[in-house]
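Undergrad: Let me begin by handing over the structure; questions about it come next.
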Amino acid sequence: MSTDETGQDGAEAPGGTGETQGPAPSGDAGRALVQLVAPAGERVSHPEFDLWVKDITDEQLCSLYEDMTVIRRIDVEATALQRQGELALWPPLLGQEAAQIGSGRSLRSDDFVFSSYRENGVAYCRGVDLTDLLRVWRGNASGGWDPYAINMATPQIIIGAQTLHATGYAMGIQNDGADSVAVTYFGDGATSEGDVNEAMVFAASFQAPVVFFCTNNHWAISEPVRLQSHIQLADRAAGFGIPSLRVDGNDVLAVMAATRVALDRARRGGGPTFIEAVTYRMGPHTTADDPTRYRDANELEDWAAKDPISRVAALLERKGLLTPELEEQVGNTADAVAREMRKGCTGMPDPEPMDVFKHVYSTPNSWLDRQQDHYARYLASFGDPEGAVSDEGAR
Amino acid sequence: MIKEFRLPDLGEGLTESEILSWKVSVGDTVSLNQVIAEVETAKAVVELPSPFAGVIKELHEQPGTVVEVGKPIVSFEVADDAGPSVSEPSAPSAPGSSSAAPAEGEQPAAQKRQPNLVGYGAVVESSGRPARRPRTLAPAGGPAASQPPVLEPVGTKPAETPPGDTGPAERPRSTPPVRKLAKDRGIDLALVPGTGPRGLITREDVQEFVRHGAVPPEGERPAAGAAAGAAAPGERETRTPIKGVRKHTAAAMVSSAFTAPHATEFLTVDVTPTMELLATLKETSAFSGLKLTPLTLAAKAVLVALRRNPSLNSHWDGERQEIVTYNYVNLGIAAATPRGLTVPNIKDADAMTLDQLAGALAALAETARAGKTLPADLSGGTISITNIGVFGIDAGTPILNPGEAAILAMGAVRSMPWEYRGEVALRQVMTLSLSFDHRLVDGEQGSRFLADVGAILAEPGMVLTMV
């Protein structure tokens, strides 16, 4: 069911050529995915991309496995918190762990991430505070964290808008003469947005050090990717003169290799790269969505067989690394993270009514001051400020 | 300590959800995040994970009840050291209640601040009026928190009672047409309890008041906006909200009945040979383990007859002013499911052998009964069969599944005296009822199709003359 005429499916044979494609048009014949680990856990050798993960030790492989397991646990816990009325909404990342950890773990701390709302795993890699991760989804603040503290902007809700921010930031890096990189994450649906196309035009024109990381999870809410594009998404980049890579998004090593290729090019002044990570959103679009209304259960089954975490586990098993001790340690870390996050979520102090005026402008603004003054007087007209807010002030 | 779990807003801005089933019973020990219930919102069926580890003390709502967001649905007995819960607005350690300290313990629970949490959306059951103090009593900009809580009597009185310090009593909350109705009936609205949002007195409240001539005690009245449908003892009518599958069915039936001019024909057939064939097939190895019923053969008869009468397998496309004749058959089967009527269809049924068809029919029925029919199986049907015979009914006027040109109702198979080889004999007889869309099927095609189906069921060997 997931297979379609344009070859968007990720089930292609391992070991394809996968070389970086230049601006030359590639047609819609479809190019093979870069894959370094087959779904059964078999390490597939690749003449070009092997070099980019040659330095990954067994220990690092175990820690990639741990991170993927932990972010899945974060995701499950946050979904439960939403069902329990503790979060207003949550966008699950189930199935996209390899794409997020493989790329997120390849970044330097001085690189800057501009993500969509689903890259909670990338945020985990950046070291986000677990409570901050949930702040916005609890309706507690308009932004969860200080972007400069972890060099990751707060998640963008507007589809694709963050690609413009990334390109602009990357042009700033050029002006600074630095070798850091702006990395922007967006979905398959976002490639149809004007913002993303404009961002790619500018990035190409200025040869800005930006990585366009497109997580093709096959569904733009209920719209399948084959309706969005009659060619592979990676091939759209050629139209902008941006080289692209098409990678098995459920293969953490392949994602890592591709991200490193793109980062290296950007740091050396080679300009932008477009990465299409072919994966699958195994859960709903958000907790308010019911995917069974628009997609076939068989499709989910097909992709469950390519689960990114089982794949690393199988690789570790082949290498004799998947010991009960490792599993216990990973499980304990995941439990501890989930506990800490739940505690942070339910223990989060409610915002004060006047907090809404904070962080609107960085400098004083008379118009805003006036509104603030009026609102304070309005609140003061209630006997019980608490009742006032919940009863009427909030409306 | 007892903790309540209030129904959260499970989507974005939903006000209610239906409890489909409880996965736990009173007395069960549950762990954190264990699935305790299945709930249907306007958007999806979702599972509710338990917010506590503990023992189930009480399930407040029955399956099938539509519950307002914010209402308690289950209570837990949890260990005392469990952390503060959002469902416990009165928990003294609840975060964010810094300025509520002076009033703590003096206000009745209902009047205390609900955590304006996320999941709970708007506060339910708030008092009829906001706890707003007239401006004259507080200097503008004065620190409200410094006012002693005793100046706020509103929290200590029933919701309908206006606060004493606001001067004359405000008239009861209602709408002009309802005020007019009350006036015409000579009713003082102040005596009528309001069940609408925030205590609003609705037309139904006034009518209820007129019927009973008095105000029923508070406890006997359904809570504001609570699910109707659960009849109180002695009530003379039960009101069930129109929703879900019922709503969908109603819309589909109205649209079908009033856009496609229906014509219905009946044919009563001696199906004894069909029943004998069924008995024979059940003995053959190819059909061992398969469920064979008169429906199986009737479905096959319809598929054979459609080849000779393709206009019955078509669609009136009013928008494009075209008649679409399908060169395939997606055979719909009306199914009574726990959630109501659905018509899943078997895709490309015309390409199936009889054993495949029997398997598909059994699978379809099982899936439908389990409520697991996929949306794709409910759309794209080209013709339907409804088996009213299972209810012991002979004939009726089926309404077309919207967009389809024909529907066949199978009656019950009865032993009846019937003409057989020139004499009266006891035979197995069934009545077929065929409705068709008279815009695109004439009486001639409809009749020929029905006659073909009847001929096959009366003598299955007739298929040899038709294929």
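Undergrad: Rounded to whole Hz and in sequence order, give me ³J(HN,Hα) for the range A:168-184 from the Karplus expression 6.51 cos²θ - 1.76 cosθ + 1.60, θ = phi - 60°, writing x for Gly and Pro.
TA: Values per residue, Gly and Pro as x: x, 5, 5, 5, x, 4, 4, 5, 6, x, 8, 10, 7, 10, 9, 10, 10 Hz.
Undergrad: Right, here's the next one. What lysines could a cross-link reach from B:Lys3, if we take a straight Cα to Cα line under 29 Å and drop same-chain neighbours fewer than 8 places away?
TA: The reachable lysines, counting only those whose Cα sits under 29 Å from B:Lys3, are A:Lys343, B:Lys23, B:Lys43, B:Lys57, B:Lys71, B:Lys112, B:Lys157.
Undergrad: Specify the residue with the greatest mean-square fluctuation among A:Leu89, A:Leu253, A:Leu326, computed from a Gaussian network of chain A linking alpha-carbon atoms under 10 Å apart.
TA: Among A:Leu89, A:Leu253, A:Leu326, the largest GNM mean-square fluctuation belongs to A:Leu326.
Undergrad: Take A:Phe212, B:Phe209 and order them by how many other Cβ atoms sit within 10 Å, fewest up front.
TA: B:Phe209, A:Phe212
Undergrad: Which order do A:Thr346, A:Thr292 fall in if you start with the one that has the fewest other Cβ atoms within 10 Å?
TA: Fewest-to-most Cβ neighbours within 10 Å comes out as A:Thr292, A:Thr346.
Undergrad: Also, quick follow-up: Scan around B:Ile383 for amide H atoms under 5 Å from its own, H built in the peptide plane at 1.01 Å from N, and keep only partners 5 or more places away or cross-chain.
TA: Residues meeting the criterion, in which the H sits 1.01 Å from N, are B:Asn330, B:Gly332.
Undergrad: Report the local net charge at A:Gln60: Lys and Arg +1, Asp and Glu -1, summed over other residues whose C-beta lies under 14 Å from its C-beta.
TA: Charge balance near A:Gln60 sits at -1.
Undergrad: Relative to the Cα centre, what is the charge dipole magnitude of the range A:49-346, using +1 at the beta carbon of each Lys and Arg, -1 at the beta carbon of each Asp and Glu, and rounding to the nearest 20 debye?
TA: It works out to roughly 320 debye.
Undergrad: Can you pull out the trypsin sites (Lys or Arg not before Pro) in the range A:37-85 that DSSP calls coil and that have at most 12 other Cβ atoms within 10 Å?
TA: Here the sparse-neighbourhood loop sites are A:Lys54.
Undergrad: Run the helix sum for chain A: -39,500 (n - 2.57) per DSSP H stretch of 4+ residues, divided by residue count, reported at 222 nm to the nearest 500 deg cm²/dmol.
TA: About -12500 deg cm²/dmol.
Undergrad: Could you compute the net charge surrounding B:Gly340? Neighbours are other residues with a C-beta less than 14 Å from the C-beta of B:Gly340; K and R count +1, D and E count -1.
TA: +3
Undergrad: Averaged across the residues of A:133-143, what count of C-beta atoms belonging to other chains lies within 10 Å of each residue's C-beta?
TA: 1
Undergrad: Right, here's the next one. For chain A, calculate the relative contact order in percent as a whole number, restricting contacts to Cα pairs under 8 Å that are 6 or more residues apart.
TA: 24 percent
Undergrad: Taking every Cα atom in the range A:183-258, find the radius of gyration and the maximum pairwise distance Dmax, and write them in Å.
TA: In order Rg, Dmax, the Cα atoms of the range A:183-258 give 12.3, 35 Å.
Undergrad: Can you list the residues, at least 5 places off or on another chain, whose amide H is less than 5 Å from the amide H of B:Thr195, using H built in the peptide plane?
TA: Distant-sequence amide H within range of B:Thr195: B:Thr202.
Undergrad: What is the mean number of Cβ atoms from other protein chains located within 10 Å of the Cβ atom of each residue in peptide A:82-95, rounded to a whole number?
TA: 6
Undergrad: Given points 7 Å out from each Cα along the Cα-Cβ axis, report the B:Glu204 to B:Ser285 separation in nanometres with one decimal.
TA: In this crude spin-label approximation the distance works out to 6.4 nm.
Undergrad: In a shell of Cβ-Cβ distance under 11 Å around A:Ala123, excluding A:Ala123 itself, what net charge do Lys and Arg (+1) and Asp and Glu (-1) give?
TA: Computed value for this residue: -1.
Undergrad: Here is a further query. Which of the trypsin sites (Lys or Arg not before Pro) across the range B:355-440 are loop residues per DSSP, with 10 or fewer other Cβ within 10 Å?
TA: Hits after loop and neighbour filter: B:Arg421.
Undergrad: Please arrange A:Glu66, B:Glu12 by how many other C-beta atoms lie within 10 Å of their C-beta, fewest to most.
TA: Listing A:Glu66, B:Glu12 from fewest to most nearby Cβ atoms yields B:Glu12, A:Glu66.
Undergrad: Rounded if a/c is under 1.5, else prolate if a/b is larger than b/c, else oblate: which is the range A:49-346, with a ≥ b ≥ c the root eigenvalues of its Cα gyration tensor?
TA: Rounded.
Undergrad: Tell me the Kirkwood radius of the range B:1-92: reciprocal of the mean inverse pair distance over distinct alpha-carbon atoms, in Å.
TA: Result for the range B:1-92 stands at 13.3 Å.
Just so you know, all these numbers are worked out from the coordinates, no wet-lab data involved. All figures in this text were calculated on a predicted structure; none of them were measured in a lab. In this analysis, Cβ positions are derived from the backbone assuming ideal geometry, glycine residues included, and neighbour counts consider all displayed protein chains.
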